[in-house]
Every structure is written in C-alpha cells, then in structure tokens.
Amino acid sequence: MVRMSAEERRESVIRAAMSEFARGGYYGTSTEAIAKRVGVSQPYLFRLFPGKKAIFLAAAERCVEDTIRTFEEASKGLEGEEALHAMANAYTAVIAERPERLMMQMQMYVAVAAAEEAGDHEFGEAVRAGWMRLWDTVHLPLGADIGETTTFMAYGMLINCLVAMGFPPEHRVWEGLYPSARYDGRLEK
C-alpha cells in the first residue's frame, strides 16, 4: 500500500470537506465526519489544518477556484455572446456532474451571513475575495461590460437557487432563462 504525502492527504481532506460541508453546512458538519470520510483520525486532521474554520475556508477556496477554472476553460479564445453561452453551458454541466460544488457555493454564502452576525468577518472577507476573482474571470470575456457581467452572475445565482430548491427542469420558473443557462435535469443524486 502506497502512503499518501501530507499534501495528498490535505487534498483528500479538502475534497471530502467540500462534499460534507455541501450537505451539512458549516455548523451542521462535524470534523469527525470529514475525518471519517477521508479515513483519518481527528487529531491527524488537525495536524493538516488548525481547525474547522480553516478546513471550511480551504474547501471554499477550492470551490471558487474550480468554478473559475471552469469559466476560464470554457471562454478561452471567445468573447461576448459566444463566451457567455460557452460559460453558461459549462456551468450547467458542472451542476449536473458536480452538484456538491453548487451546494458548497450556497453553504459559503450562508456561512458568511451567520459568521458576520456572530462578529466573525474572516469568512466574509475570504468568500467576497473569491467572488471578486470569479466576477473578474467572467467580466473580461463578456467585453468588460458591467451590465453583461451583472446579468450573467445574477442568472448564475438564480440557477443555483432553483437547483438547490429542487425545481425540476420542466417547471415554468426555467422558461425565462436563455437556452444555454437552462438546467436540463441531469443532476445526479
């Protein structure tokens, strides 16, 4: 059996944390569940990360970076409407193939609100910084047009909410979305 390096184990913790936090949120997910999913002890988990908050922020960072990479790859060499449709298609594929990423995004926003209400601003600073990197990633391919970027991001948030609430693809709430942004129901359970 090949032993994993600390960095490989750290990566497996981040992946497991994304899945666990996507389901249970920050407050509803135990570090024990993450450790169990990875197959390590909690003390070992805390050798890799100083605490639950650090694990969550690493998972949030990975979620944002994965989404940025999706948009960068989809829009490479494209601009304007072609970039918009390519990024929309890529995002709907992510929702279908990696639903935990969508749910992790939603949990990130909830965690920010709860943490800031409790006086902890680190969550918000980290998540807002990620959001701005995401914004900038789509802004340039859309011609650096603030209106187009706002509309694209707004559609994305609407899609996140509709999928998270379980609206089936044939529901009338999807009718107003441009075709490449429509969810087709390929979400795996």
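Listed values, structure above:
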{"quantity": "Accessible area of the chain divided out per residue, in Å², using a probe of 1.4 angstrom", "calculated": "54 Å²"}
{"quantity": "Options 111, 55, 130, ranked by Cα towards positive dipole end of the range 39-189, top entry (Cβ charges)", "calculated": "55"}
{"quantity": "With DNA, RNA and ligands ignored, accessible area of residue 135 (1.4 Å probe; Å², nearest 10)", "calculated": "40 Å²"}
{"quantity": "Cα gyration tensor, the range 1-100 - rounded (a/c under 1.5), prolate or oblate", "calculated": "prolate"}
{"quantity": "The range 130-181, accessible surface, carbon-and-sulfur percent (1.4 angstrom probe)", "calculated": "64 percent"}
{"quantity": "Among (1) 27; (2) 32; (3) 41, the entry that matches percent of Cα pairs over 29 Å apart as calculated here", "calculated": "(1)"}
{"quantity": "Gyration tensor (alpha-carbon) shape descriptor, the range 55-152, a/c threshold 1.5", "calculated": "prolate"}
{"quantity": "Between the range 101-169 and the range 1-77, the Cα center-to-center distance that results, in Å", "calculated": "19 Å"}
{"quantity": "Point-to-point label distance, residue 135-residue 96, nm (Cα→Cβ direction, 7 Å offset)", "calculated": "3.1 nm"}
{"quantity": "Relative packing of 103-111, 147-155, which averages over residues the other C-beta atoms within 10 Å, highest first", "calculated": "103-111, 147-155"}
{"quantity": "Crossing angle, helix 80-97 versus the chain [Cα axis fit, 0-90 degrees, rounded to tens]", "calculated": "40 degrees"}
{"quantity": "Packing rank of 162-169, 21-28, where each peptide gets the mean count of other beta carbons within 10 Å, highest leading", "calculated": "21-28, 162-169"}
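The values are calculated or read from the model by the stated rules, or taken from the named source; none is laboratory data. Model, not experiment: these values are computed from the prediction. Quick reminder, even Gly has a Cβ in these numbers, built from the backbone with ideal geometry, and neighbours come from all protein chains shown. Note: areas computed on protein heavy atoms with side chains; ligands, DNA, RNA excluded. Shrake-Rupley method; radii C 1.70, N 1.55, O 1.52, S 1.80 Å.
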